[in-house]
1. May I ask for the angle, rounded to the nearest 10°, between helix 504-515 and the longest principal axis of the chain, with both axes built from Cα atoms and the value confined to 0 to 90°?
2. Given region 458-520, what whole percent of its Cα pairs are spread farther than 21 Å?
3. As a test of the formula, what do you get for the chain when each DSSP H run with n ≥ 4 contributes -39,500 (n - 2.57) and the sum is divided by the residue count, at 222 nm and rounded to the nearest 500 deg cm²/dmol?
4. What do you get for the angle between helix 152-173 and the principal long axis of the chain? Use alpha-carbon atoms, 0 to 90 degrees, nearest ten.
5. Strictly greater than 31 Å: what percent of every Cα pair in the chain meets that?
6. Please list, in order along region 105-120, the HN-Hα scalar couplings obtained from phi with the Karplus expression 6.51 cos²θ - 1.76 cosθ + 1.60 (θ = phi - 60°), rounded to whole Hz, x for Gly and Pro.
7. Packing-wise, with mean Cβ within 10 Å as the measure, how do 280-289, 381-390 rank, highest first?
8. Summing Lys, Arg as +1 and Asp, Glu as -1, what charge do residues with Cβ under 14 Å from the Cβ of V161 carry, V161 excluded?
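We did not get these values from a lab; they are worked out from the coordinates using the rules stated. Everything numeric in this text was worked out from a predicted model, so none of it was measured. FYI the Cβ positions are ideal-geometry reconstructions off the backbone, even for glycines, and counts take in every protein chain you see.
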Amino acid sequence: MRVRVSLTWENTDCQDQCSCLGRDTLKVKRTSGVKIVETAWSSGLLVRAEGAGTVAHAGVVLPRLLADRVGLTGAYRDVLARRGFVPGRDRGRAVTDTVAALAAGASCLSDVEAMTAQVELFGAAGGASDTTVLRVLGEYADRLRDDGLPGRTLARATAKVRARAWTKIVARHGALPAVRAAGKDLTGPGGDPVTVVRLDATVIASASDKEGAEPNYKGYGFHPLTAWCSNTGENLAMMNRVGSAGSFTAADHVAVLDAALAQVPAPYRRDVLVTVDGAGASHGLVEHLHALNTATVHGARGRRLEYSIGWPVDVRTRTAIEAAREGDWSPGLTAAGTAETDAQVIELTGLLRTGPGGDQLTGWPTDMRTFARRTPRAPGEQAQLGQDPNWRYGAFATNTPTGQVQYLDVRHRTQAHVEDRIKELKACGGTRLPSTSYARNSAWLHLAAHAVTVLAWLRLLALTGDLALAEPKTLRFRLLSAPGKLVRHARSRVLKIPTGWAWATHLADAFARLRALHPA
């Protein structure tokens, strides 16, 4: 079989063109102004479903080994153990294998079954059918609270694993990675990085009727609430909620916040920043955050907890903005710390507290400050009824007592980073809930969140350069989906990655770094 392809080349040096495409497989004929290339690349090529020892997604060994090294596999085994019951599939292995498969690109139960069926990578007893994984999800769901957050035993086991992982991260980097705002690190009074916890809700669509799927402002499905650590990029808490759940329900935010803070290792809870996007400043959440900031009472012995929460641009806020003088607005800052030419910021605390209308913040903590930001509307953009025709406004509230207005504004806008984490959650199977059962779907979301966490730890503990910043799609293409061949040599099993694969050395080096970690 021969395939004829007509190409027009501007370069008249056909020898260079042929060498680029492989001269041993090309024949060139000249026609009037056009060169026709006959390639025989597929001549004699056969594709067969055979080849013992050859594996796909060989790089999945990285998240699997990492889960073992930090103790995640053993933790799940202990949590899911039932007295008098010996499962045919090890439950710790079943959970972490599913997490590794989701990290490597699996998006449904059949994908997990197909990936774990590779005995060369997962062992003869490692594979689990889709029905087995569904049963494991049910057992995991039994360890969740009624609100969908982890139960006491599961939460403690996960926190212990997280503390072990953070210890290894600090050992490699010298300190917990710092979050950057306005071109500099967020650090506390002692110079240590501030632990940044971000809360945000997202919508997961459902194409069929499932328990808990309800209409919402984006369609039909579920409305989970999540918490993330911006320092490491990992998930701290996951609460699945019915589709009609409110975006800024104070009780849900308080529950998720408490669960997230409990997951932060104790040495890193002394200096915390909590951010919430949108108009999330409810009395219940702000008062809870105010009570958690014990540094105001105990000084250096207490916990310094600051918050930066979206504030509604309501009637009182608009009134304060209208009362502000034009000269009170200051240029905003970019994420790199340079001045913005089309954005301005202002503090409204004084106008809201002592303006002509009296104290508009009665009942709110006295140390709470409010700020506004404005950007010009795009040409032709129509304002909604009641909005300013020339400017778009946003506002936030914080209890940070010092700092320039511009810096506090850009610090709040780093909340947008949480959207990247939610994208990773959805890229790790979070958009395809596998069951009609609400409880099992909640468990699936937890495993998808664990997949994001394992990838975050993988970047921090084993990768360098661009790979240490890569998104799941890039990691999958370059590392996790790499092909390999498993052979035996000198009483060892060797997983060989083709040397022609550009990132083969990176994969081997990452595996060596993970093997060097002290086992849990």
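1. 60
2. So the portion of pairs separated by more than 21 Å is 27 percent.
3. -10500 deg cm²/dmol
4. Between helix and principal axis, roughly 80 degrees.
5. Pairs farther apart than 31 Å: 55 percent.
6. These are the phi-based 3J(HN,Hα) values: x, 5, 10, 7, 4, 5, 5, 4, 4, 5, 6, 6, 6, 6, 5, 5 Hz.
7. Going by the mean number of other Cβ atoms within 10 Å, highest first, we get 280-289, 381-390.
8. Here the charged neighbours net out to +4.
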